[in-house]
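Just below is one structure, and these are the notes that go with it.
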Amino acid sequence: MLYDLLHDYQKKADQNVLESLKTSNATCLIQAPNTGKTLEALSIAEILKEKALYITISNDIIHQAEENIKKFNVNVDMEFITYHKLMRLSERKLRKLPKVLFIDECQHIEAPEFKKPMDYLESIHPDLKKIGLTATPIRDFDYTEYIDEEGNNIKGKKDVVHERFNDNVAFTYKLEEALNDGVIAPPTYIRVYHVLKNTVKDYEKKFLQKYHGEIPEDVKRLLNKLATYSSQESDILKKYVTKGKVLVFCTNITELKKTITHYQMLYPDATILEYHSDQTKKEQHQAMSQIRRKTEELTFFFVVDKFSEGIHFPSDLSFDTGIFLRPTKSYRIFIQQLGRLLSLKNVLILDFVDRISETGMEKLY
């Protein structure tokens, strides 16, 4: 059985979930990215011997789970579905779904667009079993208010464990524990602020229009400061990024295109790949095939959202460097994107938007 191949902490997670399901139909695993939640879910399903549904955020994750079933010869009767497909199912099809649900990245199930089908499933199947999987149960920009058991009025960010799993956490495995246990290697983390040269020029044009061709001295000083950041960024890239596969997280496709132009000037011999929603399925497949090839040559892989969460890269898709260009104060986004990079090897992280201080994670480094 798959259970026999798991690490001790994963076996403990499985045991706790199975024990929890004896007294509750809803329980949750909270574990750091890249610590094997998907394998734990498959193992639990194999032990339960019940038909199950695995709900997740993308087809990429479904394909990866199916590969694991084949790789480890897991004996499970499991269907897979994305959140977006679940949302579009008719009432008749919802009624026919399995009564055991593994909800991957379960913080999403409380999003307004996904909440309705889950509410309906719970209303028609009182015995529905729900096993949630997440590294980040708190929804950063979704707020709630409720009365706790002691009668206190609680206000704050929505916690999916409270909202959907009755505050029932079967097992927790934090990033600090995974680092201390050697399950994942600590990265080399470098923080620096940057602004693209093209962005500085865009600001200058806007200020010229705003001030009718004569930019005030204090604004000029700001532009000069931004230009300094731009030149520093190029020096740092050339110093630290010299070979291997580099995953670059961008804010949007417009920024991605600007950044690619910039990097092509810095690294004219490097391979440049991109992966985002504006591409066709064929283009995405070609980019993925290229990045999975084994090579020590410098290869940049620019993404927007696509690899923010859920994907555990196989050995042929492990990255040597990660570059953060997406500003955010979200702890969830920070941990999820960091988790796409962490593995058993030391990875270089270049944080060009100072995300780690915005999310309170400096203590790890």
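Hey, does the range 54-75 have a residue that's assigned to a helix (DSSP H, G or I) and of a type in the set (Gly, Ala, Ser)?
Taking the range 54-75 and keeping what is assigned to a helix (DSSP H, G or I), we get 59-71.
Next cut, of a type in the set (Gly, Ala, Ser) only: 65.
Yes.
Condition check: under 26 Å from ARG332 (Cα atoms), modelled with pLDDT of 85 or more and among the charged types (D, E, K, R). Does GLU217 satisfy that?
no
Where strands (runs of 3 or more DSSP E) fall wholly inside the range 116-184, the ranges with 1 or more residues that are farther than 29 Å from LYS11 by Cα are 138-147, 153-159. One residue alone among ASP60, ASP8 is closer than 20 Å to SER343 by Cβ, surrounded by fewer than 22 Cβ atoms within 10 Å (Cβ to Cβ), out of contact with any helix residue (DSSP H, G or I) (no Cβ under 7 Å at 6 or more places or on another chain) and touching a residue at least 24 places away in the same chain (Cβ under 8 Å), and that residue is ASP60. Helices (runs of 4 or more DSSP H) fully within the range 247-365 that include at least 3 residues being at pLDDT 90 or above: 253-266, 281-291.
Within the range 94-115, which residues are without any contact (Cβ under 8 Å) to a residue 40 or more places away in the chain and surrounded by 12 or more Cβ atoms within 10 Å (Cβ to Cβ)?
If we filter the range 94-115 for residues that are without any contact (Cβ under 8 Å) to a residue 40 or more places away in the chain, which is where we start, we get 94-96, 111-115.
If the condition is that a residue be without any contact (Cβ under 8 Å) to a residue 40 or more places away in the chain and surrounded by 12 or more Cβ atoms within 10 Å (Cβ to Cβ), then LEU94, ARG95, ALA111, PHE114, LYS115 are the ones that fit.
Condition check: charged (D, E, K, R) and touching a Ser or Thr at 6+ places or on another chain (Cβ under 9 Å). Does ASP127 satisfy that? Answer is no for this residue.
The values are calculated or read from the model by the stated rules, or taken from the named source; none is laboratory data. All figures in this text were calculated on a predicted structure; none of them were measured in a lab. No Cβ is skipped: glycine too gets one built from the backbone with ideal geometry, and neighbour counts run over all protein chains shown.
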